[in-house]
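Undergrad: Encoded as structure tokens, here's the structure I'll be asking about.
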């Protein structure tokens, strides 16, 4: 059985690595787009099952990316977690994204979302405490 | 009766006609008091003359006797009426009463009665015959005893009258003089006539000249009284005008002797007429020697003199004017003395009150000025001049008030005062900037009062105060307020920016610590895991601080918006309970919730913020409670309100802390709080959110027993946003 795929779109290298590492820990094949620049190239099959999306990106707007994801037949099914430091945007995106998280985003929170969508995904040996 | 012509009749008829005319004329002027007496006298003379004429014309003895007798009516009345007239003319008519007239009339009445019956007793006429001289014929009689009594009596009356008239003539001066001469002629005529008749020097020896003489008398009087148009200056007019006037009047002749004085002057001089007439003014005015010296020879002057001192001080106006006769020669002087004490006292009081007012206005610390109804200055007090930089009042008078106002203020100023003028508003207050002569702004706060004379607005009076310092302070305050608002806005902006910028690095710390904890980077020793957990704990605290700072900043900057949606109170309470139960359990506390069944099942409001309020209050309650529990109630308060009540059995809050516990960054300083670190923003944010929702928060607490926070909120209708 192949692992589900996940995509992290986050320009902050540290946060990008954290999300990627966490998702790999939770059994995802996680890839990182650190600029939002390579997004279009990656928008091919197979679509990722989970996307963590930052809003303020150097080369693209997270909002536009979210719209394209939701417009694409293949990608629309992906679980999108918007992770932002912008409280104002977080309110307006609440209806479009599956989850909106205000930074600092906790690994614990990501794990809870993953468990919510894929109850059997996480290895029982991972101790969240 | 038979008559025959005699040329002697003509002058007598003429005399009768003349005196008859005098009677009619003076009767027509009878409004003057002496005129009636003159009329009667003239009628008597007429009757005498006419009777005498008919006696002479009579052809036989009987006719002559009849007319000779009838003349006596005039003959006996003339001396009597003469005296009466004399008294009137001398303004002594008061002597003429029944008690004086009746006794005086006895002898004339007896005489007339005896004349009519003389044939029986011969007491008047003894032998009666006719004497003829040429064409002249008259009765020739020898006189009886009573005739001489009658004659003597007549002469006495004639003399009395003459003396009275001469005396009154003697008092006349100046303008009266020519009249006096005529009157003297009138008085002398009967005497001359009689003297001629008795001495036999008459051109017609037996003709009695007396009726002619009296004709001359009455004509002279007529001429004297009416002919000179001196009726107004006659003693009668003098009585009414001069005697009754309030001013004292003294007439002096050229030798400064008093020739006339009126009652008011006598009152002022405290003397009697008999003591002063004919006396030298200097002898009478002994009380005022300086006046005599000063005005002894002055013909025309006006002066004010004062007599007495203190309470009794009186003021008089003294007026000297020359008297001219008809020849325009100076005949003497009239001195009038008017008591002007009341006027002087009133003037003095007015001057004193004016002086007081002026002193007050001039020494006032406020600017006081006046303008006319058009706004041109009519007065400015010294402080006004000094503050505006003027050297003298003359520089301001006649200038328009708008000239002194700051140019940018003139329009509003004009509008304001035009409105006051039109509305007739008695008093107004206005603040504006004036420009001093140095070009500086002088802020004035002025009360302006309308000045009226009757219904007419005649000007404005302003009392103004220099409020430049006050204005500066106000401006500084306004500036400071703007600055503070701007600073507050910048602070909020800064906080928002910082909190935003803090979130990313916080994410890094949190994330790596959590990854360490879940062994993402290899198995950790327990101590290392514990260290990672401490890092996560610290980051969570920091994150909370950042969130609250941002809330506080947004509330202060008034950028917090409430998102009103429907929510289920039960669901809200459950989610709070779910979040907080673990925390309560960790401290061994019980968390109990209750929803009033009266409360609507669905309500409207910002659920997220209500959640925040509840979490704040419950977290606080748990934090400050060691044993017991925390209770959360949702209550229906009244038709329009509901309440959230959070009670605990904790340490309680001292009463003196109630007032500052809701202020940001304030915590009650008790040992417990030192161990229970908080941002100090929770209650402040809670209170401000509650108020933003249109509600209020209250606190009841007893130290050691516990606290109850009650949030009273309006029940929102759908679609209505909170303030």
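Undergrad: Would you calculate the convex hull of the Cα atoms in the stretch B:364-466 and tell me its volume per residue in Å³?
TA: Working: hull volume 9.0 nm³, N = 103.
Given the Cα convex hull of the stretch B:364-466, per-residue volume reads 88 Å³.
Undergrad: To continue, here is another question. Considering only DSSP beta bridges with both partners in the protein assembly as shown, what is the antiparallel share in %, to the nearest 5? Write out the running numbers ahead of the final one.
TA: Numbers: 90 of 113 bridges.
About 80 percent, rounded to the nearest 5.
Undergrad: Right, next: Rounded to the nearest 0.05, what FRET efficiency do residue B:347 and residue B:488 give with R0 = 56 Å and r taken as the Cβ-Cβ distance? Could you check?
TA: Values: r = 69 Å, r/R0 = 1.23.
The calculated FRET efficiency here is 0.20.
Undergrad: Still on this structure, I have one more. Could you check how many percent of all C-alpha pairs in the stretch B:242-346 are farther apart than 16 Å? Before the final figure, lay out the partial values.
TA: Working: 3141 of 5460 pairs.
Across the stretch B:242-346, Cα pairs with separations above 16 Å total 58 percent.
Undergrad: For the pair residue B:469/residue B:244, report the inter-label distance in nm, with labels modelled 7 Å from Cα in the Cβ direction.
TA: The two pseudo-label positions are separated by 7.0 nm.
Undergrad: Any chance you could list P(r) for the stretch A:5-117, counting all Cα-Cα pairs in 10 angstrom bins from zero, rounded to whole %?
TA: 15, 54, 31, 1
Undergrad: Can you tell me the 0 to 90 degree angle between the C-alpha axis of helix B:468-517 and the longest principal axis of chain B, rounded to 10?
TA: On a 0 to 90 degree scale, this one is about 10.
Undergrad: Please find, in a Gaussian network model of chain A (springs between Cα atoms separated by less than 10 Å), the residue of A:95, A:61, A:106 whose mean-square fluctuation is greatest.
TA: A:95
Undergrad: With a/c under 1.5 counting as rounded, go ahead and sort the stretch B:565-714 into rounded, prolate or oblate using the C-alpha gyration tensor (a ≥ b ≥ c being the square roots of the eigenvalues; past the cut-off, prolate if a/b is larger than b/c, else oblate). Can you show the working numbers first?
TA: On the way: a/c = 1.78, a/b = 1.39, b/c = 1.28.
Prolate, since a/c reaches 1.5 and a/b exceeds b/c.
Undergrad: Once label points are set 7 Å from the Cα along Cα→Cβ at both residue B:195 and residue B:94, what is their separation, rounded to one decimal in nm?
TA: 3.5 nm
Undergrad: Sorted by packing (mean other beta-carbon atoms within 10 Å per residue), highest first, where do B:306-312, B:40-46, A:80-86, B:262-268 land?
TA: Details: B:306-312: 9.0, B:40-46: 26.6, A:80-86: 23.1, B:262-268: 18.4.
Descending packing order for the listed peptides: B:40-46, A:80-86, B:262-268, B:306-312.
Undergrad: Which angle from 0 to 90°, rounded to the nearest 10, does the C-alpha axis of helix B:210-222 make with the longest principal axis of chain B?
TA: For B:210-222 against chain B, the angle is about 20 degrees.
Undergrad: Also, I was wondering about something else. Mind checking which of A:116, A:62, A:27 has the largest fluctuation in a GNM of chain A, springs on alpha carbons under 10 Å?
TA: A:116
Undergrad: Per residue of B:643-650, what is the mean number of Cβ atoms on other protein chains within 10 angstrom of that residue's Cβ? Don't jump to the answer; show the numbers that get you there.
TA: Numbers: counts 0, 0, 0, 0, 0, 0, 0, 0.
Other-chain Cβ atoms within 10 Å of each residue's Cβ, averaged: 0.
Undergrad: Place a point 7 Å from Cα of residue B:586 in the direction of its Cβ. Which residues in the stretch B:512-540 have their backbone N less than 12 Å from it?
TA: Under cut-off, by backbone N: B:534, B:537-538, B:540.
Undergrad: Right, here's the next one. Give me the extension gain from residue B:527 to residue B:286: residue separation times 0.36 nm, minus the current Cα-Cα distance, reported in nm with one decimal. Let's see the in-between values first.
TA: Details: separation 241, 0.36 × 241 = 86.76 nm, distance 13.56 nm.
Full-extension gain reported as 73.2 nm.
Undergrad: I'd like the orientation of helix B:145-170 relative to chain B: the angle between its Cα long axis and the longest Cα principal axis, in ° from 0 to 90, rounded to 10.
TA: Here the helix axis deviates by roughly 40 degrees.
Undergrad: Nearest 500 deg cm²/dmol is fine: what mean residue ellipticity at 222 nm does chain A get from its DSSP H runs of n ≥ 4 alone, each adding -39,500 (n - 2.57), divided by its residue count?
TA: Working: 5 runs with 45 residues, N = 129.
The per-residue figure over chain A is -10000 deg cm²/dmol.
Undergrad: Also, quick follow-up: Using only Cα atoms, figure out Rg for chain B and give it as a multiple of 2.2 N^0.38 Å.
TA: Numbers: Rg = 62.5 Å, N = 723, 2.2 N^0.38 = 26.8 Å.
Normalised Cα radius of gyration, chain B: 2.33.
Undergrad: Another question, if that's okay. What are the semi-axes of the equivalent ellipsoid for the stretch B:429-542, taken as the square roots of 5 times the Cα gyration tensor eigenvalues, largest first, in whole Å?
TA: 75, 13, 10
Undergrad: A further question on this structure: How high is the FRET efficiency between residue B:596 and residue B:691 when r is their beta carbon distance and R₀ equals 22 Å, given to the nearest 0.05? If you can, show how the numbers build up before the last one.
TA: Working: r = 23 Å, r/R0 = 1.05.
My answer for the efficiency is 0.45.
Undergrad: Would you work out if the stretch B:470-520 is rounded, prolate or oblate? Take a ≥ b ≥ c from the square roots of the eigenvalues of the alpha-carbon gyration tensor; rounded if a/c is under 1.5, else prolate when a/b is larger than b/c, oblate otherwise.
TA: Numbers: a/c = 12.03, a/b = 7.42, b/c = 1.62.
Prolate shape, in that a/c is at least 1.5 and a/b is the bigger ratio.
Undergrad: Let's test the formula: R0 of 35 Å, r as the Cβ-Cβ distance of residue B:223 and residue B:148. What FRET efficiency results, to the nearest 0.05? Display every interim value, and only then the final one.
TA: Values: r = 34 Å, r/R0 = 0.98.
Efficiency, rounded to the nearest 0.05: 0.55.
Undergrad: Which shape class, rounded, prolate or oblate, goes with the stretch B:496-603 when its Cα gyration tensor gives a ≥ b ≥ c as root eigenvalues, a/c under 1.5 marks rounded, and past that a/b bigger than b/c marks prolate? Display every interim value, and only then the final one.
TA: On the way: a/c = 2.94, a/b = 1.43, b/c = 2.06.
Here the stretch B:496-603 falls in the oblate category.
Undergrad: Based on DSSP H runs of at least 4 residues, each adding -39500 (n - 2.57), what is the mean residue ellipticity at 222 nm of chain B after dividing by all its residues, to the nearest 500 deg cm²/dmol? List each step's numbers first, then the result.
TA: Details: 22 runs with 367 residues, N = 723.
The helix contribution divided over chain B gives -17000 deg cm²/dmol.
Undergrad: Highest mean first, what order results for B:368-378, B:604-614, B:78-88 on Cβ atoms within 10 Å? The partial results should precede the final answer.
TA: Working: B:368-378: 17.8, B:604-614: 20.5, B:78-88: 24.8.
Output ranking for B:368-378, B:604-614, B:78-88: B:78-88, B:604-614, B:368-378.
Undergrad: Kirkwood hydrodynamic radius for the stretch B:51-118: how many Å is it when counted over pairs of different Cα atoms? The partial results should precede the final answer.
TA: Working: mean 1/r = 0.0744 Å⁻¹.
With all distinct Cα pairs of the stretch B:51-118 included, I get 13.4 Å.
Undergrad: Per residue and in Å³, how big is the convex hull formed by the alpha-carbon atoms of the protein assembly as shown? Kindly include the intermediate steps, with their values, before the conclusion.
TA: Values: hull volume 340.6 nm³, N = 852.
Cα-based convex hull of the protein assembly as shown, divided per residue, equals 400 Å³.
Undergrad: Beyond 26 Å, how much of the Cα-Cα pair distribution for the stretch B:1-110 remains, as a whole percent?
TA: Numbers: 1658 of 5995 pairs.
Every Cα pair in the stretch B:1-110 considered, those over 26 Å come to 28 percent.
Undergrad: Once all Cα-Cα distances of the stretch B:95-163 are split into 5 Å bins that start at 0, what whole-number percent is in each one?
TA: 4, 15, 18, 19, 16, 13, 9, 4, 2, 1
Bear in mind these aren't lab numbers, they're just calculated from the coordinates by the rules spelled out. Since this is a predicted model, take the numbers as computed values, not measurements. Because the Cβ atoms are built from the backbone with ideal geometry, glycine has one as well, and the counts that use them run over all protein chains shown.
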